[in-house]
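The values are calculated or read from the model by the stated rules, or taken from the named source; none is laboratory data. For clarity, every value in this text was computed on a predicted model and none was experimentally measured. No Cβ is skipped: glycine too gets one built from the backbone with ideal geometry, and neighbour counts run over all protein chains shown. Remember, those area values only see protein heavy atoms, side chains included, never the ligands or the DNA or RNA. Shrake-Rupley method; radii C 1.70, N 1.55, O 1.52, S 1.80 Å.
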Amino acid sequence: MSIKDRLTKFTKRFKLDSHHAIERFGLFFGVLSLAGLLVLTTSGASAFVAGRAQLADTALWTPSFTTSKTQLKGNVDGVYTNQPKNKTLVMMHFDDRAKISYNASDYQAFLLGSNEQLKSEKLATPGVSGSFYVFGSTGYVGVLLEAKQPFEQQVLNLTLRAKAELTFSQQQATGASTEDVVGDASFAKFDQWRVFINPGATGTKPLATLDAGNFDPARAFYEIALKNKENAARTALDTKLAEMRTNLTQISSYTDDLATTKVDGLFLHPPTVPTTVAGDEISGHSAAETTDKTSTLTLNAKSVVRGGFNFDWRSGNVYDGYLDGIVPKGKSYIEFLQAKAAETQGTDASASNGISDIQWTLSNGKSLTQDYRTSDVTMRPLTTAMNNLSQAYQDYSTNKAQYQGTLLLELLKLDVDLKDVRSNSTTNTGEGFLTIYR
């Protein structure tokens, strides 16, 4: 059989000749349809798996909010849970703390379930109860949700309502609502905001105080709102101590230079050390100098700058408090801080450190600054030595003022905030606080 005959037989057998064009089209169309179906099915399965993975990982779906009528802006600090995951705290704070009510009874909450597209559905976790906390006048508020079992993997629609409107915006006059995106007319009638959370997600943050028997607002506020600020303040204090130690080394070196720097036999006598510097020492090691990367630098100061403080911050912490240990007996911490602030009013820091009053006396009894012109090139080596030491004094004095007067005060401000929370926090645990839609 010739090659041509074989080809003709093959085309007829597999219906590749011109008489079977319709059959071939149907076959190819069926193959393509089946392939497309497989692609769509695979894509749909991948999207479903990706959606479930996002649901399992994502604890917070709305990191910020704006109230519907008064237009107050705020942020959600996080979704915190205990170890069994049957308690969750949603911590939030307002940008303007002065425009919210500090009374927890002025707030209500509404809870219902949602899917990954944030569409409403039945709440999957049974037996949920809730309470509301206002953390003093700090601008922080929190919703504590508790369930009889661990929270299910589900997005929760948590709507908060402020019954007391302490500020006015154009929204109140028009009745419009920028948050009314799901057709909920209540956002135009009431001042509300909404957050979407998933307490059952792996992305929740652990909070030890939720594992305790009774919820401690002060402890929660410290761990969530203050701890990072405290760590930043302590890092800044450590950095400043290292800088001040360098300043003291410079002062020692430049003081030694006075005896060896001479012009035609003349040299500068070491001046009287300014009171802001005299007797100060910095002991210990920086974090970089220790194997455990823990700093032990300590300022042993003989004087305190105006408005400044001098206390052992390293062995204490904000939660245990610093003010109670440094405020004199018979005086409130408010009076103490006000008195410190008054010390700096109407004073010139550069004049009060005494550096501008230093007498630069030469070995011949004359004054380098008063008896010789600063432009005299013959005296330049002595002038340079004087300027080096004077600048080192000034740098140390400036850094000491920042350390004692600014950085230590930052720790005390955190202490004040925590005292506010301990004294003025309010709680709404009434049955009328949380309404659950099932």
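Listed here are the residues, each with its yes/no results for (1) modelled with pLDDT of 85 or more; (2) in contact with a strand residue (DSSP E or B) (Cβ under 8 Å, 6 or more places away or on another chain); (3) not aromatic (Phe, Trp, Tyr).
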| site | (1), (2), (3) |
| --- | --- |
| ASP180 | no, no, yes |
| ALA185 | no, no, yes |
| THR204 | yes, yes, yes |
| PHE215 | yes, yes, no |
| GLU223 | yes, no, yes |
For the stretch 256-294 the number of residues that are more than 20 Å from THR235 (Cα to Cα), charged (D, E, K, R) and modelled with pLDDT of 95 or more is 4
Counting residues that are within 25 Å of the chain's Cα centre (by Cα), surrounded by 20 or more Cβ atoms within 10 Å (Cβ to Cβ) and without any contact (Cβ under 8 Å) to a residue 12 or more places away in the chain, which strands (runs of 3 or more DSSP E) fully inside the stretch 100-157 reach at least 1? none
What helices (runs of 4 or more DSSP H) completely inside the stretch 340-438 contain at least 1 residues that are in contact with an Asp or Glu (Cβ under 7 Å, 6 or more places away or on another chain) and at pLDDT 95 or above? 380-401, 408-424
Pairs with Cβ under 6 Å, 6+ apart, first in the stretch 327-338 and touching a residue at least 40 places away in the same chain (Cβ under 8 Å), second part of a loop (DSSP other than H, G, I, E, B) and surrounded by 12 or more Cβ atoms within 10 Å (Cβ to Cβ): TYR333/VAL327
Can you pull out every residue in the stretch 241-271 that is touching a Phe, Trp or Tyr at 6+ places or on another chain (Cβ under 7 Å) and assigned to a loop (DSSP other than H, G, I, E, B)? THR261, PRO271
I'm checking my understanding of the structure. Among residues of the stretch 203-240 that are assigned to a loop (DSSP other than H, G, I, E, B) and open to solvent by 30 Å² or more (accessible area, probe 1.4 Å), which one is nearest to PRO150 (Cα to Cα)? GLY203
Could you give every pair whose Cβ atoms fall below 6 Å, whose first residue belongs to the stretch 277-289 and is on the phi > 0 side of the Ramachandran plot, and whose second residue is open to solvent by 40 Å² or more (accessible area, probe 1.4 Å), counting only separations of at least 6 or pairs across chains? GLY279/LYS302; GLY284/THR296; GLY284/THR298
Of those in the stretch 297-311 that are in contact with a strand residue (DSSP E or B) (Cβ under 8 Å, 6 or more places away or on another chain) and in a loop (DSSP other than H, G, I, E, B), the residue most open to solvent (accessible area, probe 1.4 Å) is ASN310
Of all residues in the stretch 373-426, count the ones that are of a type in the set (Ser, Thr, Tyr), within 35 Å of the chain's Cα centre (by Cα), more than 27 Å from GLU281 (Cα to Cα) and open to solvent by 50 Å² or more (accessible area, probe 1.4 Å). 1
Among residues belonging to the stretch 191-202 that are modelled with pLDDT of 95 or more and β-branched (Val, Ile, Thr), point out the one that is surrounded by the fewest Cβ atoms within 10 Å (Cβ to Cβ). VAL195
For the stretch 276-296, how many residues meet the condition of being touching a strand residue (DSSP E or B) at 6+ places or on another chain (Cβ under 9 Å) and of a type in the set (Val, Ile, Thr)? 2
Among the residues of the stretch 250-270, are any touching a residue at least 40 places away in the same chain (Cβ under 8 Å), open to solvent by less than 10 Å² (accessible area, probe 1.4 Å) and either within 30 Å of TYR107 (Cα to Cα) or not hydrophobic (A, V, I, L, M, F, W, C) (or both)? no
Taking only the stretch 60-73 into account, find how many residues are in contact with a Ser or Thr (Cβ under 7 Å, 6 or more places away or on another chain) and either on the phi > 0 side of the Ramachandran plot or in a strand (DSSP E or B) (or both). 3
